[in-house]
1. Looking only at V52, V87, V39, which one moves most when the chain is put into a Gaussian network model with springs between Cα atoms under 10 Å?
2. Quick check on the chain: helices-only [θ] at 222 nm, where DSSP H runs of length 4 and up contribute -39,500 (n - 2.57) each and the sum goes over total residues. Nearest 500, please.
3. Kyte-Doolittle mean at least -1.0 and Cα extent at least 18 Å along the axis: which DSSP H helices of the chain qualify?
4. For labels at E25 and A42 in the simple 7 Å Cα→Cβ model, what's the distance in nm?
5. What's the exposure ranking of D79, D118, going from fewest to most Cβ atoms within 10 Å?
6. How would M91, M112 line up from fewest to most surrounding beta-carbon atoms within 10 angstrom?
7. Rg and Dmax of region 6-132, Cα atoms, in Å?
8. Quick one: length gained pulling E9 to S35 fully straight, 0.36 nm per residue minus the C-alpha distance?
Amino acid sequence: MESHDSCVEINSAADIVEARRKGRELAAQIGFDGSDLTVIAAAISEIARNIVDHARRGRVFFSSATHGNRRGICIVAKDEGPGIKDVARAMQYGYSTRKGLGVGLPGAKWLMDDFEIDTKIGVGTVVTMKKWLR
């Protein structure tokens, strides 16, 4: 079980930048480098942007993760927004409710090794993603 090393409140675009920075910082401490740091930051951007666009506010938690002898980073995004009505559709590349490119959630899933969505209409959404050191 992971413990949260840090958390960023997400209320605006500036908070997305801070979340990326915190995530990159922890990922580097864990041992990620080069393109992996860029990939992790991009996934954080996507899920934090979804919080700003759809829920208005939420939090992104960062922690180190272990599974057997594997080490990695765990990123959990939580909001109390409207929830996702159709997760399967939201996970389709190119689908957007806001005239965007539709790469947010599917893009984040593609960039990370593990990806889960738990959503309840009218309650909110929790996205959990992990990246493992190679």
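1. So, out of V52, V87, V39, the one fluctuating most is V87.
2. Theoretical 222 nm ellipticity from helices: -10500 deg cm²/dmol.
3. Result, helices passing both filters: 13-30, 35-50.
4. 2.4 nm
5. D118, D79
6. M91, M112
7. 13.7, 42
8. 6.8 nm
Read-outs throughout are calculated quantities, based only on the coordinates presented, and are distinct from any laboratory measurement. Nothing here was measured: the structure is a model prediction, and the numbers come from that model. No Cβ is skipped: glycine too gets one built from the backbone with ideal geometry, and neighbour counts run over all protein chains shown.
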